[in-house]
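The values are calculated or read from the model by the stated rules, or taken from the named source; none is laboratory data. The structure presented is a predicted model; accordingly, all values stated were derived computationally and were not measured. Here the Cβ positions follow ideal geometry from the backbone for every residue, glycine too, while neighbour counts run over all protein chains shown. SASA here: full protein model, heavy atoms, side chains in, ligands and nucleic acids out. Shrake-Rupley method; radii C 1.70, N 1.55, O 1.52, S 1.80 Å.
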Amino acid sequence: MASFPKDKSPLYRYLEKDKQDEQDLASHQPQAQAVDLSPMAKIWHIVAMIPQGKISSYGKIADYAGLPGRARYVSKALKSAPEHLSLPWHRVLNSQGKISFEKNSVSFQEQMELLRIEGITVNCGKVSLSEYQWRPDLVTLVMAMPF
């Protein structure tokens with residue numbers, strides 16, 4: 001696995017941009033009225049809310065988006081997300097806390113490295129759900145969701 005100096009690493013630059021995006025989102029007030037979003041847009045919105053250092057599962061994201069039982073649809077939505085959204089896709093794992101990419105694939109290695117940079121312990125492609133799972137409270141979900 002390649003090692004880059006922190007200030008030059010593409011992953012480091014990505015995470016620094018992510019921190020700035022989180023600060024920008026936090027400075028905006030929640031919208032007063034609901035917006036009619038597509039199911040994919042709802043998923044993208046929820047994935048964007050996962051804080052650095054936390055993870056969620058495809059199934060939980062589907063539940064939060066009002067799409068229970070549609071974990072595979074979450075995967076499809078992440079694959080088709082416009083690149084300009086810069087979603088933290090690496091924070092979404094399967095229901096067992098495992099990276100879903102094939103072991104030793106480039107995507108597997110990239111996801112594992114991004115999680116580790118955020119301080120998440122990854123052992124053999126698995127993350128402890130009890131330690132790192134994002135558990136938004138009801139107020140967060142109701143106030144931050146535009147739908």
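Less than 5 angstrom separates the built amide H of L87 from none of the residues sequence-distant by 5 or more or on a different chain.
The heavy atoms of R135 offer some 150 square angstrom of accessible surface to a 1.4 angstrom probe. Amide hydrogen proximity for I55: with H placed 1.01 Å from N in the peptide plane, the residues at 5 or more positions away or on another chain lying under 5 Å are Q133, W134.
Counting charges near A62 (Lys, Arg +1; Asp, Glu -1) among other residues having Cβ under 9 Å from its Cβ returns a value of +2.
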